[in-house]
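Have a look at the structure below before the remarks.
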Amino acid sequence: MSTLVRHFGATVRELRESQGWTQEQLAEHAGLNRSYVGEIERGTCIASIVTLDKLAKALDVTMARLLASSRPGACGLAAEAQKSET
């Protein structure tokens, strides 16, 4: 998978962990399967726009913020995105 997909997965993982959630808890909040959340976090699949929306809502960030934090070189921005949204 592309670097962008891997960075997106890392951002999702970072935001999930900042909530203190397991993959199961994020999946429940987003209405997704836990194994699918794991695939997204590992960067082994590409999330659809619908899934992106579900993840952003569950993680309480905007879709734009979630994508912007996923840019290569934006390490650590996911936590800042979470803080600025609250």
Legend entry - Cβ-defined net charge surrounding residue 42, 12 Å radius [Lys, Arg +1; Asp, Glu -1]: 0
Legend entry - Environment charge of residue 16, counting only residues whose C-beta is closer than 11 Å and scoring Lys/Arg +1, Asp/Glu -1: -3
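Coordinate-derived values only; no laboratory data. Remember, it's a predicted structure, so these values are computed and weren't measured experimentally. FYI the Cβ positions are ideal-geometry reconstructions off the backbone, even for glycines, and counts take in every protein chain you see.
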